[in-house]
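One structure is given here, and the rest of the page talks about it.
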Amino acid sequence: MNHARVKALKGDGKTVSKKAIKSGRASASLTPRGSPFASLLTSPAHSTAPSRAASDNSEEDWDFDDTLSTQSGSSLVETNEDGTSSFDAKQFIDELQDRKRNNNDVRIQLLELYIKVLRTRYTPSTHEWLDESANSLAELFLRGANRGLEARERLLYLQAYILTLSTSEEANIYEHAETTLKQIVADDDDEECKAFGIYALCFTILYGGGGENEALEFLDYLNKIVESDGDNVDAYDSGFIVAAALRGWAFVASHVDDFSYAALMALDGFYEQLDSIDVAVQSNAAACIALMFEASRTQEEETGEGWELPVNPEKLTGRMSELAKQSSKSVSKKDRRDLRDNLVSAITSLEKGVGPGYSSAGYTPQKGDRRPTTKANEDGVIEFGYRHKLRIGNFVAVIDSWSLSSRINMMKLIFGGQLQRHIFDNPVVSECLSDADFSDQGPAPKKRQAGIDDSSSVFHTTVEHGRFTSSTTSAAPLLITMTRVFVYTSALVAFVAATVMIVTSIWLPNWVTYSVTTATGETVEKHIGLHKSCSSLDDPYCRDFPPKELCEGERYFCSMWRTVGFMASFATLLCLGSLVSFCVIITGGKYKRETGWPFVGAMLTLVAVVEFVTISIVAYLYDHDDQFTIPGWNLDASFYMSTVSAVICLLSAAGLVLSAYLLPPEEGYDFLEDPLDA
């Protein structure tokens, strides 16, 4: 991959790992009453409740609680006059190493405190205390991850280790860390610890002193985990571990210029993982495959010669298409939708040579529209393009490559909702994501005309090593999309009511009614429907309509009335098709809602037109046919229900179209989902 990396992968030597021998778990000792951190064990009610570190991927990170430091005998965190925070790393190391005075619970809270400070209070001044202690902290966390008695403690050690390496450029620990981390991955009995051990290896190789040779060897190590379904790290048939290995493979590969041999060795195994029963494994396997072909295309553009991969794209897209159409009751609706979106994204990438989340749907520019900056395809359609974006305040970066996507996914996994604090100032993160091209979008526009943004230009900002450089470029057209579920739901409710009216009008013989009262006080009634008539004078009460005598000779009534019946039945079929379309679009995700409103609007309009034709023919016959000239005939309930249903369909169609043009965007921008569904 040709992009600026966190560090240049240096060194050609191969580091030989020693045989992993699992060290014993240190037993927890009771904390003496006089310990400076004894008060941490009885934290107040308002302090943060424990949570699983591996699940900390939400936008809401821990709220920092200064009571963790002020209640203790020696404060670790101090707030400076300028609002920044300083952390006593030496005191923290001493307390964490003091296993005689501080037991397992205290160490967990110490680690949580460190993670909170590094995540939520990061500023450039953080490096004043972090860089000089980076190696000592990393070594301490590594020992703790290998010796911790409880899984939660070991997990926090691993997370603190990764945060340290992903924040400080001074950590150089590869020689000491590789063997220990592989030992943890192989021997730890907790799946989350194994997974974060894999992530820790990724960061150690890339940011802890490893070289390109070590990175390529590590890709082979991860490939063996995938091929064995986790068996070679004592996690057989664990989708969680295989998905972590695939995620790590993509992350490391995105930092290597030429991983063609690793791709050649891994493609068959990744192709087999497409048939996994685990949704995360399938999605990550598809992403890795798309990354391989993206790298091959990049090399072909640069050198004129791509990679010779063992599986052709047609076979891959064919299998992915089959999987995207399948459904399983054992998989949740959200997981099925996410998997389908991920597979479709990979298919589009392989077929069109584009990055993730690319939408080939679009619109045709009309005369008078401002000239768009995006070129139309061979059919004259301006495609929607990339839908995955990373937003930091008003600054938005389009995620247009699988390489960038894999790095963003990993950084979101490590920093969670606090990534925005690090992306421009943290030297490791800003270098890792330096090919993310940010532009200042400002607030979303509220008015649109013919699908074109009112602004003629957009301030374009590129991040280079945490600094902004700007230029001005022409703005692309703001596409007319409507994704609001409540609009579709409102239209669906109204249309269901209209459908019920249409079906009822066909079933009830009340289109035209004759009613008179005789001299004796009796009421004589006759009700005519589309297919039968009912009269108080007939026996049986209801008969088929129109009768044979009305169809004899040259009378047009019979043919026209039967046409009315056919049109009403046709309208019913259109209603059923429209209802299915509504359900598919509402449940099919944002992409289907973006592109589905024109089709649904057209269907509703067609139903309304058929209904208007039906009632128009009935009204014509009522006004001109001889049998209805006798006083006492009136249009009845079925006629009026059909009329109301036609009006509802027309108004629903108009509402969908107006919503697409007048309502502001639902979200403005798409965010990448957290990569770990824990």
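Just so it is clear, none of the values below were taken in a lab; they were calculated from the coordinates. Small disclaimer: the values here were computed from a predicted structure and weren't measured. Quick reminder, even Gly has a Cβ in these numbers, built from the backbone with ideal geometry, and neighbours come from all protein chains shown.
State the extension gain, in nm to one decimal, for the chain segment bounded by Ala619 and Leu576, taking 0.36 nm per residue of separation less the distance between their alpha-carbons.
12.9 nm
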By how many nm would the segment from Thr587 to Gln420 grow when fully extended, if each residue of separation counts as 0.36 nm and the alpha-carbon distance is taken off?
-> 57.0 nm
So for region 212-327, using the alpha carbon gyration tensor with a ≥ b ≥ c as root eigenvalues (a/c under 1.5 gives rounded; past that, a/b versus b/c decides prolate or oblate), I'd call it oblate
Among the listed pairs Lys116/Lys590; Lys182/Lys315; Lys333/Lys389; Lys194/Lys412, give every one whose C-alpha distance is greater than 27 Å.
-> Lys116/Lys590; Lys182/Lys315
FRET E, pair Ser535, Phe599, Förster distance 41 Å, beta-carbon r, rounded to 0.05 | 0.40
Extension gain Ser332-Leu651, at 0.36 nm per residue separation less the Cα-Cα distance, in nm?
-> 111.3 nm
Theoretical FRET efficiency, 1/(1+(r/R0)^6), r = Cβ-Cβ of Ser228 and Ala151, R0 25 Å, to 0.05 = 0.60
What FRET efficiency, computed as 1/(1 + (r/R0)^6) with R0 = 25 Å and r the Cβ-Cβ distance, is obtained for Glu301 and Arg391, rounded to the nearest 0.05?
-> 0.30
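Counting only C-alpha contacts under 8 Å and six or more residues apart, can you give the relative contact order of region 258-318 as a whole percent?
Details: 41 pairs, mean separation 21.5, N = 61.
Relative CO of region 258-318 lands at 35 percent.
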